[in-house]
Amino acid sequence: MKITFLGAAGEVTGSQHLIETDNLRLLLDCGLFQGHRRESRVKNMEFHCHPKDLDGVILSHAHIDHCGNLPGLYRAGFKGTIFCTDATADIASFMLLDAAHIQEEDAKYLNRKKRGKDLIEPLYTTEDAEDVLRQFQPLQFNEWHELATDVRVRFLPAGHILGSAITELEIREGSLWKRIVFTGDLGRYKMPLLVDPYPVENGDVLIIESTYGNRVHPPVADMKDDLLRIISDTALRGGRVIIPAFSLGRTQQVIYHLNELFNENKLPRIPVYVDSPLSTRCTEVHRRYQEHLDEDVNKTLRHDVDIFSFETLHYTESPQQSMELNDKSGPFVVISASGMCESGRVLHHLKHAISNERNTIIMIGYQAPGTLGARIAEKQPFVRIHDAEYAVKAHVELLGGLSAHADVNDFKTWLEQSTEHGDFGRAFIVHGEKDGATGLASMLKEFVDGEVTIPQRFESFKV
Ligand SMILES: [Zn+2]
């Protein structure tokens, strides 16, 4: 058997690993490379896995850096099946359409500058996304599924986002079964909503992510208490609270905590709006798969049938409803995307709120350098939104410690639990920059009998 690393090798985007035997070719993930525009476009256009000859793709979860180039793979001739969990298939169905729309808009924008010469095509279109979605085959968690003769797969919860899976893949070569474990993105222990990562029972080959393989996250901020304090204070001032939040994951964590506060009769009786069509869809999926969520959620469900709904919570739909909030008087809360304030409806809410000292903006989690979110989090005196400058007079509150990726302690716990009955045979470290990968490599020696490798892109290994 041969494994070739085609993406997320020495970096954190473009997850894609090829597994080949004499009669089988499977791709683990087919993520989009992100980052520098021109460089990424080239990497995303060229496939090195012969898409036409692939038997299938196993998809770990629905983040774009893991599934975002599936429509491109389809465009390049892939006609096989995509195996993933039911929730992942559901989330991917609108994430990929959203991504296709972005690709189309991006091509239009670039072509406008070219004045008819050397026009570029979008990486893929809405049609490609719609077509590839027909090739999805959702599978249940925690059960073995035969993909072909002598090939079986089982998905275990990875605790990273809803539907995210650790893949256990077993393939027979001759008389020998080989067992490959692919972590996908590994989540953290004791996070709101999500179950803890499930341990595996070792394996011959471990392919493991390493985003924070050298770091210990700060303690998880007590988001619920912080939200209550900030919303109560702002309501007393008669101001509004703007919460820029990622549509998938973060938005649901915020709604869940507010729902709890409402049930406990602590939340001020002011309207709360979720104002992002994508966030609303992501919340619907969480509602549909409530059984995948953690024990605390299941406890709440015994007395509250819907953890994403309470009397003062409203999901806006039309742009009209969204704009009406701009002129609304009295205190209220808006949860809107995007999380780093780069686009989306949140920009309008910020424009109307940021220069008034009665209001509060809550920035949650990591803000990439250069984004509007980072500038607000740094509390710069002025920020540019669309084409105008705005004085930052609103209160800015930072809630940290909410990364969805395992840190050193989480990796250690998962590795200890997964090697109770023996170590892994050998390991490949992917999905990390140099420091994360080398940090994890030194920890892995304790849990792996054979070699621990940090592969370069395009490197192949016989296993
Ligand atoms: Zn992810």
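What follows is calculated from the coordinates using simple rules that are stated; it is not laboratory data. Keep in mind that this is a model prediction, so the values were computed, not measured. We place every Cβ from the backbone using ideal geometry, glycine too, and count neighbours over all the protein chains shown.
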Study note, to complete from the structure: Calc'd 3J(HN,Hα), the stretch 10-26, phi into Karplus 6.51 cos²θ - 1.76 cosθ + 1.60 (θ = phi - 60°), Hz, glycine/Pro = x, comes to x, 8, 10, 10, x, 3, 5, 10, 9, 10, 10, 10, 4, 10, 8, 9, 10
**Study point:** Helix 277-288 vs. the chain, principal-axis angle (Cα, 0 to 90°, nearest 10)
**Key:** 60 degrees
Review point. Which aspartates and glutamates, on any chain, are close to residue 117 with Cα under 20 Å apart, when same-chain ones fewer than 8 places away are left out?
Key: 104, 105, 106
Study note, to complete from the structure: Amide H contacts under 5 Å for residue 24, restricted to residues at least 5 apart in sequence or on another chain and with H modeled in the peptide plane, are none
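Can you tell me what share of the DSSP beta bridges in the stretch 223-399 is antiparallel? A percent to the nearest 5 is fine.
20 percent
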Exercise for review: Give, as a single signed number, the net charge of other residues whose beta carbon lies under 10 Å from the beta carbon of residue 393, with Lys and Arg counted +1 and Asp and Glu -1.
Suggested key: 0
Exercise for review: Any chance you could check the Cα centroid distance between the stretch 91-143 and the stretch 366-416 for me, in angstrom?
Suggested key: 28 Å
Check your understanding: aspartates and glutamates within cross-link reach of residue 328: Cα-Cα under 15 Å, excluding same-chain residues under 8 positions apart?
Key -> 275
Practice item. Could you work out how far helix 408-418 tilts from the main Cα principal axis of the chain, as a 0 to 90 degree angle to the nearest 10? Key: 40 degrees
**Study point:** Rel. contact order, % - alpha carbon contacts under 8 angstrom, at least six apart, the stretch 223-399
**Key:** 30 percent
Check your understanding: Where Lys and Arg each count +1 and Asp and Glu each count -1, what net charge lies around residue 46 among other residues with Cβ under 14 Å from its Cβ?
Key -> +4
Practice item. Order by neighbour count: 124, 273, fewest other Cβ atoms within 10 Å first, most last. Key: 273, 124
Point to revise | For the stretch 12-146: relative contact order, % (alpha-carbon pairs under 8 angstrom, 6 or more apart) | key: 23 percent
Check your understanding: lysines within cross-link reach of residue 266: Cα-Cα under 23 Å, excluding same-chain residues under 8 positions apart?
Key -> 224, 299
Point to revise | Out-of-range pairs (alpha-carbon distance over 24 Å; input 190/445; 2/79; 190/351) | key: 190/445; 190/351
Review point. Which angle from 0 to 90°, rounded to the nearest 10, does the C-alpha axis of helix 250-263 make with the longest principal axis of the chain?
Key: 50 degrees
